[in-house]
1. Give me the base-10 log of I(q)/I(0) for the chain at each q in 0.16, 0.17 Å⁻¹, Debye formula, one uniform scatterer per Cα, rounded to two decimals.
2. Compare the Cα positions of S75, N29, M104 along the charge dipole of the chain (+1 at Cβ of Lys, Arg; -1 at Cβ of Asp, Glu; about the Cα centre) and return the one farthest towards the positive end.
3. So what are the ³J(HN,Hα) numbers for the range 66-76, from phi and the Karplus equation (6.51, -1.76, 1.60; θ = phi - 60°), rounded to whole Hz, Gly and Pro as x?
4. For a quick check of your reading of the filter: which GluC sites (Glu not before Pro) in the range 32-105 sit in a DSSP loop and have no more than 10 other Cβ atoms within 10 Å?
5. To the nearest 10 degrees, how steeply does helix 91-103 sit against the main Cα axis of the chain, on a 0 to 90 scale?
6. For K102 and R25 in the same chain, what is the full-extension length gain: residue separation times 0.36 nm, less their Cα-Cα distance, in nm?
7. Using a cut-off of 13 Å between beta-carbons, work out the net charge of the residues near K78 (Lys and Arg +1, Asp and Glu -1, K78 not included).
8. Quick one: net charge of D91's neighbours, Cβ under 12 Å, K/R +1, D/E -1?
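Values quoted throughout were computed directly from the atomic coordinates according to the rules given, and no laboratory measurement underlies them. Given the structure is predicted, the values throughout are model-derived calculations rather than measurements. Reconstructed Cβ throughout: ideal geometry from the backbone, glycine too, with neighbour counts over all protein chains shown.
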Amino acid sequence: METFCDEINETCCHRHKERSEEEIRCLTNRLKRIEGQIRGIRGMVENGAYCPDILTQSAAVTAAMNAFSRELLASHVKTCVVEDIRSGDEDTVDELVNLLRKLMR
């Protein structure tokens, strides 16, 4: 059975993208904040926090990950997809459609 990690490795590791230092900084800063939120939730669980309080923080992490994904997807469409189409590689449209299907499960 193919796992999500297998799908990610199958779809994203055959190509690479050069990102500006600014883009890398913005994306990694978002991820660091999310990591902090996750550590906070773990601490809440370990300290016996009330379930609705943990769930509220969990929803905040989900929202933060969705924001991260939206930002990365927008960048992908504006750069990689546009560049591929301009160079005549229309397979990237199929790749984008498949990606959106996976993201919308």
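1. Per q value, in the given order, log10 I(q)/I(0) is -0.89, -0.97.
2. Of the listed residues, the answer is N29.
3. The phi angles translate into 4, 5, 4, 5, 4, 5, 5, 5, 4, 4, 4 Hz.
4. Counting only loop positions with at most 10 other Cβ atoms within 10 Å, the GluC sites (Glu not before Pro) in the range 32-105 are E90.
5. 20 degrees
6. 25.1 nm
7. 0
8. On the way: positive: R15; negative: D84, D89, E90, D94, E95.
My count for the surroundings of D91 gives -4.
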